[in-house]
Amino acid sequence: MSDPEVTPSYRLLRADDVVGAQRLRELAKWNQTDQDWRNLIAFEPQGCFAAELDGKIVGTATTTRYVPDKGPGSFGWVGMVLVDPEKRRYGIGSTLLKKCIAYLKETGVETVRLDATPIGKQVYDKLGFHDEYLLERWEGTARKVPGGVIGPWSLEPIAARDLNELCAYDTPLFGANRRAILEAWVRDCPEHAVLLREKGKLVGYALARRGSNFHQIGPVVAAQADPCEALLMALLERLADQKVIVDVVTSNAWTIPIALRCGLAHQRPFLRMACGPNAAPGVPGKFLAICCPELG
């Protein structure tokens, strides 16, 4: 659809665009904060894009690159594809998406990944993306769960000295080193960043961060269901009476029963998708919850 009045210019998204980007986020009723936008731009300053019309931001899209510590398997994430509702159906979202994919390919990324809504999946199918696994957003009011999991674990706050150990644990499970993201989450919300240990050995971790509408809990990662549940329950107790969302890996059959036991309610489904060889898919079977759709 063409219209001479809807011909935006495209440029890099900058830190001083946060107010305009947040306007789009508010219209979409998404959860990101000003700090989330600043983090995204800092993670990939040459890979975040804006559509501008008459001096106003009318579209955004972001990328984040991830590189394994060894060997092939680099991948990049596309997120925050937002378009002003009054400017939709003019190809703005498609143009921004193509700019993201082109940037990732130009910088040597092998696989492009994203989290899609059921409607968005129809677009991504046509671009060569394939399904990886199912996700669902669950929401509720955090509370202490009666009769919580009892196990041989100790819970500790994540300190700066733990980051090397945390990244060594997380990298093979996520598929690449995402130290910058984990470090930002711990820095921005240290009171909700926890490690789980068994006899001194790191066996899981969980993070949470403040959002515009909810606290988002995730990642929640451990080798088995019980320690994952213990981590989620620990954060729900710490966040008592706060509204929370958890993006659950529902391809793992054990995750929905945990969400139900924790008093959460299903909000909506979405789907993890990839385009390319996907040589570093990580180990989703160890995840109760992902980080967030804009970063994986």
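The values are calculated or read from the model by the stated rules, or taken from the named source; none is laboratory data. Because the structure is a prediction, the values reported are computed rather than measured. Note: ideal-geometry Cβ built from the backbone for every residue, glycine included; neighbour counts use all protein chains shown.
Tabulated values for the structure
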quantity	calculated
Elements of type strands (runs of 3 or more DSSP E) contained in the stretch 143-235, each with 1 or more residues being of a type in the set (Ser, Thr, Tyr), outside the structural domain of PRO72 (by TED's automatic domain parsing) and surrounded by 16 or more Cβ atoms within 10 Å (Cβ to Cβ)	201-209
Any chance VAL283 is farther than 19 Å from PRO152 by Cβ and among the β-branched types (Val, Ile, Thr)	yes
Cβ pairs under 7 Å, 6+ apart, first in the stretch 274-285 and not assigned by TED's automatic domain parsing to the domain that holds LYS105, second of a type in the set (Gly, Ala, Ser) and buried (at least 18 other Cβ atoms within 10 Å of the Cβ)	ALA279/GLY73; ALA280/GLY73; ALA280/GLY175; ALA280/ALA176; PRO281/GLY175; GLY282/GLY175
Number of the condition not met by THR255 [criteria: (1) farther than 30 Å from VAL18 by Cβ; (2) β-branched (Val, Ile, Thr); (3) touching a helix residue (DSSP H, G or I) at 6+ places or on another chain (Cβ under 7 Å)]	(3)
The stretch 39-91 - residue that is in a helix (DSSP H, G or I) and surrounded by 15 or more Cβ atoms within 10 Å (Cβ to Cβ) and, of those, farthest from the chain's Cα centre (by Cα)	LYS87
